[in-house]
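So the structure is just underneath, and the comments pick up after that.
The values are calculated or read from the model by the stated rules, or taken from the named source; none is laboratory data. It should be emphasised that the depicted structure is a prediction, and the values quoted were computed from it without experimental measurement. Cβ coordinates were reconstructed from backbone atoms using ideal geometry, including for glycine residues, and neighbour counts include every protein chain displayed.
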Amino acid sequence: MSDNFLGDFHPDNFYMGQALREAQRAYAAQEVPIGAIIVKGDQVIARAWNQVETLKDATAHAEMLALTSAQNALGDWRLEGCTLFVTKEPCPMCAGAIVHCRLDRVVFGCSDLKAGAAGGWINLLESNPPLNHRCEILSGVLEGECVSILKSFFREARERNALGKAHKKAGRQGSDFG
Ligand SMILES: [Zn+2]
């Protein structure tokens with residue numbers, strides 16, 4: 001029997017679904033749609049979405065905001081016994097923070113071969129020689145959904161961009177005639 005036998009009811013799939021909901025919030029706010037949640041036992045102790053544009057803060061990745069919120073919830077910077085679910089593979093900044101907070105496990109949806117730091121580009125979570133902490137990694141959970149929300153966001157952004165340029169061009173042409 002495979003691990004995925006339970007489908008949507010498998011806890012990893014269920015929690016990734018929750019992280020995807022956070023990504024949808026980011027999408028609605030015109031942020032790159034990445035969402036994260038942190039689970040301890042069977043409790044969701046933190047939820048966050050990427051807010052780089054909203055907060056004008058390049059460190060406001062979903063994972064960073066979720067880590068801070070989880071530390072507040074537990075009143076401890078040590079997140080031992082916790083699992084982070086995030087829709088896209090963490091970047092080096094987030095992976096570094098994950099190691100500092102000593103999470104047990106990181107589960108992500110889609111890999112980032114260009115900038116991922118959980119095996120896509122480099123691996124800070126299971127580095128050799130290891131950093132002061134190692135995390136278990138599981139990738140590819142609800143991968144299709146996690147990829148597709150990012151793809152549609154960037155497709156829309158490109159279309160908006162192209163439309164903006166076309167409008168500008170039309171505006172210039174208009175002024176030529178005006
Ligand atoms: Zn990051």
- Item | Top-ranked residue of region 83-98 - restricted to ones that are within 13 Å of the ligand (Cβ to nearest atom) and of a type outside the set (A, V, I, L, M), ranked as farthest from Val32 (Cα to Cα) | Gly96
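Assess whether Cys101 counts as being within 19 Å of Ala60 (Cβ to Cβ) and more than 13 Å from the ligand (Cβ to nearest atom). Don't jump to the end; show me each part of the working.
Numbers: within 19 Å of Ala60 (Cβ to Cβ): yes; more than 13 Å from the ligand (Cβ to nearest atom): yes.
Spelling it out, Cys101 is indeed within 19 Å of Ala60 (Cβ to Cβ) and more than 13 Å from the ligand (Cβ to nearest atom).
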- Which numbered condition Glu80 misses (of (1) part of a strand (DSSP E or B); (2) away from the ligand (no atom under 16 Å from the Cβ); (3) within 25 Å of Ile122 (Cβ to Cβ)): (1)
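What do you reckon, is Arg47 assigned to a strand (DSSP E or B), away from the ligand (no atom under 12 Å from the Cβ), at pLDDT 95 or above and in contact with a strand residue (DSSP E or B) (Cβ under 9 Å, 6 or more places away or on another chain)?
Details: assigned to a strand (DSSP E or B): yes; away from the ligand (no atom under 12 Å from the Cβ): yes; at pLDDT 95 or above: yes; in contact with a strand residue (DSSP E or B) (Cβ under 9 Å, 6 or more places away or on another chain): yes.
The answer is yes for Arg47.
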- Item | So Val44, is it aliphatic (A, V, I, L, M) and either under 15 Å from Cys94 (Cα atoms) or buried (at least 18 other Cβ atoms within 10 Å of the Cβ) (or both) | no
- Considering only residues that are more than 13 Å from the ligand (Cβ to nearest atom) and among the small types (Gly, Ala, Ser), look in region 115-140 and name the one that is modelled with the lowest pLDDT. Ser127
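Is there a residue in region 104-114 that is farther than 19 Å from Ile34 by Cβ, surrounded by 14 or more Cβ atoms within 10 Å (Cβ to Cβ) and more than 15 Å from the ligand (Cβ to nearest atom)?
In the first step, residues of region 104-114 are kept if they are farther than 19 Å from Ile34 by Cβ; the result is 104.
From the residues that got through so far, the ones that are surrounded by 14 or more Cβ atoms within 10 Å (Cβ to Cβ) too are 104.
Still in the list and also more than 15 Å from the ligand (Cβ to nearest atom): 104.
For region 104-114, residues farther than 19 Å from Ile34 by Cβ, surrounded by 14 or more Cβ atoms within 10 Å (Cβ to Cβ) and more than 15 Å from the ligand (Cβ to nearest atom): present.
Taking the residues in region 27-41 that are touching a helix residue (DSSP H, G or I) at 6+ places or on another chain (Cβ under 8 Å) and surrounded by fewer than 18 Cβ atoms within 10 Å (Cβ to Cβ) as candidates, determine which candidate is nearest to Ser152 (Cα to Cα). If you could, list the steps in order and put the result at the bottom.
As a first pass, look at region 27-41 and keep what is touching a helix residue (DSSP H, G or I) at 6+ places or on another chain (Cβ under 8 Å): 27, 29-40.
After this cut, where a residue has to be surrounded by fewer than 18 Cβ atoms within 10 Å (Cβ to Cβ) as well, the list is 29-30.
On the way: Ala29: 14, Gln30: 12 Å.
Top of the filtered list is Gln30.
Specify which of the listed residues (Val86, Val39) is assigned to a strand (DSSP E or B), farther than 25 Å from Trp121 by Cα, touching a residue at least 40 places away in the same chain (Cβ under 8 Å) and of a type outside the set (S, T, N, Q). Give the derivation first.
On the way: Val86 fails: farther than 25 Å from Trp121 by Cα.
After applying the criteria, what remains is Val39.
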- Just checking, which of Gly120, Gly109 is touching an Asp or Glu at 6+ places or on another chain (Cβ under 6 Å) and in a loop (DSSP other than H, G, I, E, B)? Gly120
- Query: Name the pairs: first residue in region 144-160 and touching a residue at least 60 places away in the same chain (Cβ under 8 Å), second residue assigned to a helix (DSSP H, G or I), Cβ to Cβ under 6 Å, at least 6 apart or on different chains?
  - Reply: Glu145/Leu20; Ile149/Ala23; Phe153/Tyr27
